[in-house]
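As structure tokens, the structure follows; a few thoughts come after it.
What follows is calculated from the coordinates using simple rules that are stated; it is not laboratory data. This one's a predicted model, so the numbers in the text were calculated from it and none came from an experiment. Cβ: placed from backbone, ideal geometry, glycine included. Neighbour counts: every protein chain shown.
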Amino acid sequence: MNKPAFLIERMKGEAWIKQLETRVVILRAGTFVDLQKNIEALIGDEASALFYDAGIRAGKGSAEVQLQAWKERGMDFLGKWGKFYGSSGCGWFKVEDINVDSEKGGGYIRVKQSFIAEVYGKSEKPVCHFLCGFFVGVLEKVLGERLTCEEFKCIAKGDSYCEFRFEKL
């Protein structure tokens, strides 16, 4: 029998936990945001590219694990993926809407409860660079296309949700 996709298991006798047969860590959102802000203070605007690139690698790796564990593909996969990342077990964000035009290779993802934007504080520009890259990594694995993504709305800017628009390169 398959284990539920959202289950996080504490490994008996070990100091680690796993989800979908992969070791995971629980990191306080404030710790991630502190790291981002410190890197921004050190290297300035280039920090956004660093977090975007790290997000792409994280998204691809995450999607690879999920594609191996789940039967769903395409939009069915993205539907399950949205539920997975909105579940109480992950806490990264809650997907409000996914609009993917697979023929044109574009669309958007709207999320609420971004762990970055909600903790970051007020900002004049979007701050979810890691999630922007993360979505590119996941979508590239699922759609098989090279993509780029930009955050147009951000909770840290005072918007009611974060919106990430992507398109084919």
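Annotations
- Here the spin labels are modelled as points 7 Å beyond Cα on the Cα-Cβ line, and at Asp34 and Lys104 they lie 4.4 nm apart.
- Cα gyration tensor shape of segment 28-75, rounded if a/c is under 1.5, else prolate or oblate by comparing a/b with b/c: prolate
- One decimal place: the segment Met75-Ala41 gains 8.3 nm when fully extended, by the rule 0.36 nm per residue minus the C-alpha distance.
- Partners of Lys71 within straight-line reach, counting lysines whose Cα lies under 16 Å from its Cα and excluding those fewer than 8 residues away in the same chain: Lys3, Lys80, Lys83, Lys141.
- Shape category assigned to segment 30-168 from the gyration tensor of Cα positions, a/c cut at 1.5: prolate
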